[in-house]
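Step one of this worksheet: look at the structure below.
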Amino acid sequence: MVGHNLRVPVSSFVGRLRELGRVHDLLESHRLVTLTGAGGCGKSRLAVELCWSYAGAATGAGSPGEG
């Protein structure tokens, strides 16, 4: 089993699936991807959600809160 230290989000991840997919695609071909944008636009939340998707793939589980 692969461990992680990701915090469990307190709210659901809504409306950024296109961006999540784009960053995932970029990480398939690049080792480093930088998220930029104005403060408060959700860069950290997008990164954490992406990490949860990789952690779920490694352990066979989904994102937190998925049934």
- Item | Ser44 vs. criteria surrounded by fewer than 14 Cβ atoms within 10 Å (Cβ to Cβ) and not in a loop (DSSP other than H, G, I, E, B) | yes
- Message: Among (1) modelled with pLDDT under 90; (2) part of a loop (DSSP other than H, G, I, E, B), there is one condition Gly39 misses while meeting the rest; what is its number?
- Response: (1)
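The values are calculated or read from the model by the stated rules, or taken from the named source; none is laboratory data. These numbers come from a predicted model, not from an experiment. Glycine also receives a Cβ, built like all others from the backbone with ideal geometry; neighbour counts cover every protein chain displayed.
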